């Protein structure tokens, strides 16, 4: 690319005229694509392309430059997974509530003992990083 010292004032914007060398293939792509981007001229198309690329090069957040189609697909998949996980967690909470009520109906235990057990369970689950199952509970109760 060769820069010249020629300045033009267009629509109250100061623009510098530059020389630009493109391959035939790139030039043909510009000619075929500039109207798709709703540009009125090759110059407008190339300036937009340059500004877009400069933003990409200078940006720390590359998601601004990912295709909107890709971003909407990723968002849709993420939203669907969130809904699915939320439904599963709700069903799990219902089952736990049923089990707790059945278990509570069969026990004669005061609130102080329940709170103490809850604190011990929280500490044990935290210590095991959430990897707590029936076998762990049986071993824990035998201590």
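Throughout, read-outs are computed from the coordinates displayed, never taken from laboratory work. Model, not experiment: these values are computed from the prediction. A quick note on method: Cβ atoms are made from the backbone with ideal geometry, for glycine too, and the neighbour counts reach across all protein chains shown.
When the chain is treated as a GNM with alpha-carbon contacts under 10 Å, the residue of 58, 81, 123 showing the greatest mean-square fluctuation is 123. A Gaussian network model of the chain, with springs between Cα atoms under 10 Å, assigns the largest mean-square fluctuation among 128, 46, 107 to 128. The per residue volume of the convex hull around the alpha-carbon atoms of the range 67-108 is 34 Å³. Spin-label model, residue 141/residue 121: points 7 Å from Cα along the beta carbon direction are separated by 1.2 nm. Think of it as helices only: each DSSP H run of n ≥ 4 in the chain is worth -39500 (n - 2.57), and spread over all residues that comes to -22000 deg cm²/dmol at 222 nm. For the chain, the longest principal axis of the Cα atoms and the long axis of helix 42-58 meet at an angle of about 40 degrees. Against the main long axis of the alpha-carbon atoms of the chain, helix 68-106 sits at an angle near 10°. A straight chain from residue 32 to residue 72 at 0.36 nm per residue would run longer than the Cα-Cα distance by 11.8 nm. How many angstrom lie between the Cα centre of the range 11-58 and the Cα centre of the range 71-143? Spelled out, the Cα-based centre of one part sits 58 Å from the other.
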